[in-house]
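For reference, the structure is listed below as structure tokens.
The values are calculated or read from the model by the stated rules, or taken from the named source; none is laboratory data. For clarity, every value in this text was computed on a predicted model and none was experimentally measured. Backbone-built Cβ (ideal geometry, glycine too); neighbour counts: all protein chains shown. The area values use the complete protein model at the heavy-atom level, side chains included, leaving out ligands, DNA and RNA. Shrake-Rupley method; radii C 1.70, N 1.55, O 1.52, S 1.80 Å.
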Amino acid sequence: MPIESDPNISTSCRQLCDLDEYSLEHVFLFLGVADLDRCVLVCKKFQHIIQRFVFPKKCMRALVGGSPCGAALSLYAFTHRKRVKLDENWRYGRYEERSYFKHNVMYISQLAIDRDWLYITHRGRLQAHRRTKNRQMLDTSSHWVMGNDRDSDITSLVKMGDHFLMGRMNGEIVLYDPTTTRSYSQTVTNDIIKAVDFNTNIYAVTTKNDSTYILNRSPLELEQLWMRSEEMLTQSFVYPQAYETIKLNRNHLAAGKFHCSKKQALQLIDLYSCTMIQLNSPSMAVYDVLWMDEHCILSGNFDTTMRLIDTRTGGDEACWTDPYNASVYCLCYNGTYAVHCGMKYHHRSNLYDLRVPNRCVQMYFPSKKHNHYSPVYRIAADCSQLFLITDHNLRILNFDADWAATKDYAAI
């Protein structure tokens, strides 16, 4: 765009503040937060342009800080400037780390978060912990607990709205509503349940060795079913294949096998025709899947890759490879561009940008040395915090920590 010149200003005397607003906005978009903070102090014109146009536009383009889903999960209502600063902290590895719920016996907890609460399982119980705005980030005393240690271990957890769906090692599923404190249990199989998911009135359950079950929910509420002792879920279809991970959308069930020698571990099941659709994503094992939107799937794989698959073409649209050749154990998508991956070794998680194929934006390692090298089994995030489940504890990385040391591993 040509710069409009003022005839009253000679070319030799032209200064940066003499440029029009559109040109200044374009220049300021290349600056970081620290430089923009200095420019704000120059004059009211710079202050108006940066606060009114530059920070909102940089926030829209931000990898993590610009996500509406991530902002909705956060305790804080961050300004545009703060969200851009948070995004810089994510990119440069500037965070404060804390660990909670350490246990000596190896156990893989299940995890879910919302704006005010963190939900975590231990053995047979589900407990809620309030998220706090102090540096501890979490109240370690549980607000409520469902179940006890004598119950069968919880192997899978999904939260949608106010309801929780859990799968247990004894083949039982549990639906729990904390607002009424009512829970409903139903035995689906005698095998260990590996993964569960639900979407409106459709429920999916897969086991370790047996089958995958599609169930329909009764229109009655939990309290009515509890009083009548009726079954809430009825089987509509049983697919004779066990999977490691499953995820529902409106019309399909995405499923990943623990092992497939033909490199066809990722499959799609049509919920209406009950037929299996083979996808052309060459994966020997799929450890986690997510629906990015109605047609696209993200998969975390044994072969050290994260893949983006379009179900309309059936093939890979993009692929990201771990720099250290570690398998991808779990995924978390923020709804816009960022994908967090829990990796197989060293408590490590990776950050990827869907706009930039085959490049790792940042890697996050534990700040202290450990004598064991746990994978990250479960992962969750909002725009300022990252939650990681290892085999011995819960780790929280807080990126709202401008004072923290930079741990930049992007260039490795």
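Name the strands (runs of 3 or more DSSP E) wholly inside segment 108-195 in which the number of residues that are more than 18 Å from Leu233 (Cβ to Cβ), touching a Ser or Thr at 6+ places or on another chain (Cβ under 8 Å) and not basic (Lys, Arg) is 2 or more. It would help to see each step written out before you state the result.
Numbers: elements: 111-113, 117-122, 125-130, 144-146, 154-160, 163-168, 172-177, 182-187.
Strands (runs of 3 or more DSSP E) meeting the threshold: 117-122, 125-130, 144-146.
Being without any contact (Cβ under 8 Å) to a residue 40 or more places away in the chain, more than 22 Å from Asn249 (Cβ to Cβ) and touching an Asp or Glu at 6+ places or on another chain (Cβ under 6 Å) narrows it down to one of Thr207, Thr187, so name that one. Explain how you work it out, then say what you get.
Values: Thr207 fails: more than 22 Å from Asn249 (Cβ to Cβ).
From the options Thr207, Thr187, the qualifying one is Thr187.
Any residue that is surrounded by fewer than 18 Cβ atoms within 10 Å (Cβ to Cβ) and out of contact with any His (no Cβ under 8 Å at 6 or more places or on another chain) - is there at least one of those in segment 305-312?
Looking only at segment 305-312, we keep the residues that are surrounded by fewer than 18 Cβ atoms within 10 Å (Cβ to Cβ), and these are 310, 312.
This time we only want the ones that are out of contact with any His (no Cβ under 8 Å at 6 or more places or on another chain), so: none.
Looking through segment 305-312, none of the residues is surrounded by fewer than 18 Cβ atoms within 10 Å (Cβ to Cβ) and out of contact with any His (no Cβ under 8 Å at 6 or more places or on another chain).
Could you say which residue among Arg150, Arg135, Arg123 is surrounded by 13 or more Cβ atoms within 10 Å (Cβ to Cβ) and farther than 16 Å from Thr207 by Cα?
Numbers: Arg150 fails: surrounded by 13 or more Cβ atoms within 10 Å (Cβ to Cβ); Arg135 fails: surrounded by 13 or more Cβ atoms within 10 Å (Cβ to Cβ).
When all the criteria are applied, what remains is Arg123.
Scan (1) without any contact (Cβ under 8 Å) to a residue 24 or more places away in the chain; (2) in contact with a Cys (Cβ under 6 Å, 6 or more places away or on another chain); (3) not small (Gly, Ala, Ser) for the single condition Val84 breaks and write down its number.
(1)
Take the residues in segment 27-44 that are in contact (Cβ under 8 Å) with a residue 24 or more places away in the chain and surrounded by fewer than 13 Cβ atoms within 10 Å (Cβ to Cβ), then tell me which one is nearest to Asp87 (Cα to Cα).
Gly32
Please list, ordered by residue number, the helices (runs of 4 or more DSSP H) wholly in segment 1-73 having 3 or more residues that are at pLDDT 75 or above. Even if it seems obvious, please write down each step before you answer.
Values: elements: 21-28, 33-40, 44-49, 55-61, 68-73.
Helices (runs of 4 or more DSSP H) meeting the threshold: 21-28, 33-40, 44-49, 55-61.
Please verify whether Asp288 is assigned to a loop (DSSP other than H, G, I, E, B), touching a residue at least 12 places away in the same chain (Cβ under 8 Å) and either of a type in the set (Phe, Trp, Tyr) or surrounded by 15 or more Cβ atoms within 10 Å (Cβ to Cβ) (or both), treating the condition exactly as stated. Step through it out loud before you land on a result.
Numbers: assigned to a loop (DSSP other than H, G, I, E, B): no; touching a residue at least 12 places away in the same chain (Cβ under 8 Å): yes; either of a type in the set (Phe, Trp, Tyr) or surrounded by 15 or more Cβ atoms within 10 Å (Cβ to Cβ) (or both): yes.
No: the conditions fail for Asp288.
With the checklist (1) under 15 Å from Tyr184 (Cα atoms); (2) touching a Gly at 6+ places or on another chain (Cβ under 8 Å) in hand, flag the one item Ser156 doesn't pass.
Only one criterion in (1) under 15 Å from Tyr184 (Cα atoms); (2) touching a Gly at 6+ places or on another chain (Cβ under 8 Å) is unmet by Ser156, namely (1).
Residues in segment 327-340: is at least one in contact with a helix residue (DSSP H, G or I) (Cβ under 7 Å, 6 or more places away or on another chain), open to solvent by less than 30 Å² (accessible area, probe 1.4 Å) and assigned to a loop (DSSP other than H, G, I, E, B)? Walk me through how you get there before you give the answer.
Looking only at segment 327-340, we keep the residues that are in contact with a helix residue (DSSP H, G or I) (Cβ under 7 Å, 6 or more places away or on another chain), and these are 334-335.
Restricting the remaining residues to those that are open to solvent by less than 30 Å² (accessible area, probe 1.4 Å) gives 334.
Among the residues that remain, those that are also assigned to a loop (DSSP other than H, G, I, E, B) are: 334.
Yes - at least one qualifying residue is present in segment 327-340.
Quick one: would you say Ala255 is out of contact with any strand residue (DSSP E or B) (no Cβ under 6 Å at 6 or more places or on another chain) and either among the small types (Gly, Ala, Ser) or surrounded by 19 or more Cβ atoms within 10 Å (Cβ to Cβ) (or both)?
Working: out of contact with any strand residue (DSSP E or B) (no Cβ under 6 Å at 6 or more places or on another chain): no; either among the small types (Gly, Ala, Ser) or surrounded by 19 or more Cβ atoms within 10 Å (Cβ to Cβ) (or both): yes.
No; evaluated as a whole, the condition is false for this residue.
Would you confirm, using the coordinates I've provided, whether Phe302 is open to solvent by 10 Å² or more (accessible area, probe 1.4 Å) and more than 24 Å from Leu63 (Cβ to Cβ)? Before the answer, list the steps.
Values: open to solvent by 10 Å² or more (accessible area, probe 1.4 Å): yes; more than 24 Å from Leu63 (Cβ to Cβ): yes.
Against the criterion (open to solvent by 10 Å² or more (accessible area, probe 1.4 Å) and more than 24 Å from Leu63 (Cβ to Cβ)), Phe302 qualifies.
Do we find a residue being part of a strand (DSSP E or B), open to solvent by less than 40 Å² (accessible area, probe 1.4 Å), hydroxyl-bearing (Ser, Thr, Tyr) and closer than 19 Å to Leu388 by Cα anywhere in segment 274-283? If you could, list the steps in order and put the result at the bottom.
The initial filter retains those residues of segment 274-283 that are part of a strand (DSSP E or B), namely 276-278, 280, 283.
So of that shortlist, the ones also open to solvent by less than 40 Å² (accessible area, probe 1.4 Å) come out as 283.
Filter once more, keeping what is hydroxyl-bearing (Ser, Thr, Tyr): 283.
Going one step further and asking which of them are closer than 19 Å to Leu388 by Cα, we end up with none.
No, segment 274-283 contains no residue that is part of a strand (DSSP E or B), open to solvent by less than 40 Å² (accessible area, probe 1.4 Å), hydroxyl-bearing (Ser, Thr, Tyr) and closer than 19 Å to Leu388 by Cα.
Taking segment 74-86 as the search range and keeping residues that are touching a Lys or Arg at 6+ places or on another chain (Cβ under 8 Å) and either of a type in the set (Val, Ile, Thr) or part of a helix (DSSP H, G or I) (or both), which one is most open to solvent (accessible area, probe 1.4 Å)? Please lay out each step first, then the result.
Our first condition is that a residue be touching a Lys or Arg at 6+ places or on another chain (Cβ under 8 Å); within segment 74-86, this holds for 74-76, 80, 84.
Right, trim to either of a type in the set (Val, Ile, Thr) or part of a helix (DSSP H, G or I) (or both) and you get 80, 84.
Numbers: His80: 87, Val84: 9 Å².
The extreme case among them is His80.
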